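Okay, structure first, notes after.
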Amino acid sequence: MVAVIRGALPDGYGYGYGSGYGSGDIVAANPSPITVTVDHLVSKEACGDQVRRFRQAFKDGGVWPRDIDLARANGLDIEWAVKNLGLLIPEP
């Protein structure tokens with residue numbers, strides 16, 4: 001996986017303000033495909049509406065990141081998935 005980091009680049013020290021390991025936020029990456037299922041959403045307490053929409057759009061699960069556009073078209077909250085499922089947004 002390749003990640004794009006916003007902020008200072010990791011230098012391995014992690015001391016001080018704004019420098020060192022972990023001081024940047026990952027904003028884009030080239031994630032490996034992963035299948036997301038209804039069970040994933042339920043285990044992270046997704047709201048019923050999002051579970052219903054996901055089930056209608058992806059009966060056998062959706063593949064991240066390939067299905068992001070289809071998920072958005074079906075009203076799924078991609079930002080919630082990134083935050084709660086630990087998924088990475090692909091590089092533009």
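Every number in this text was worked out from the coordinates using simple rules, so none of it is lab data. Here the structure is a predicted model, which is why all the values come from computation and not from measurement.
Give me the number: length gained by fully extending Glu45 to Trp80, i.e. 0.36 nm times residue separation minus the C-alpha to C-alpha distance, one decimal in nm.
Between Glu45 and Trp80, full extension yields an extra 11.5 nm.
Near the amide H of Val63, under 5 Å away, which other amide H atoms are found, from residues 5 or more places off or on another chain, if H is placed in the peptide plane?
Residues meeting the amide H criterion: Val36.
Please turn the phi angles of the stretch 47-59 into ³J(HN,Hα) values with the Karplus equation 6.51 cos²θ - 1.76 cosθ + 1.60 (θ = phi - 60°), one per residue in order, whole Hz, x for glycine and proline.
5, x, 4, 5, 5, 4, 4, 4, 4, 5, 7, 10, 4
For Phe58, enumerate residues with amide H under 5 Å from its amide H, sequence gap 5+ or separate chain, H modeled in the peptide plane.
Correct list: empty.
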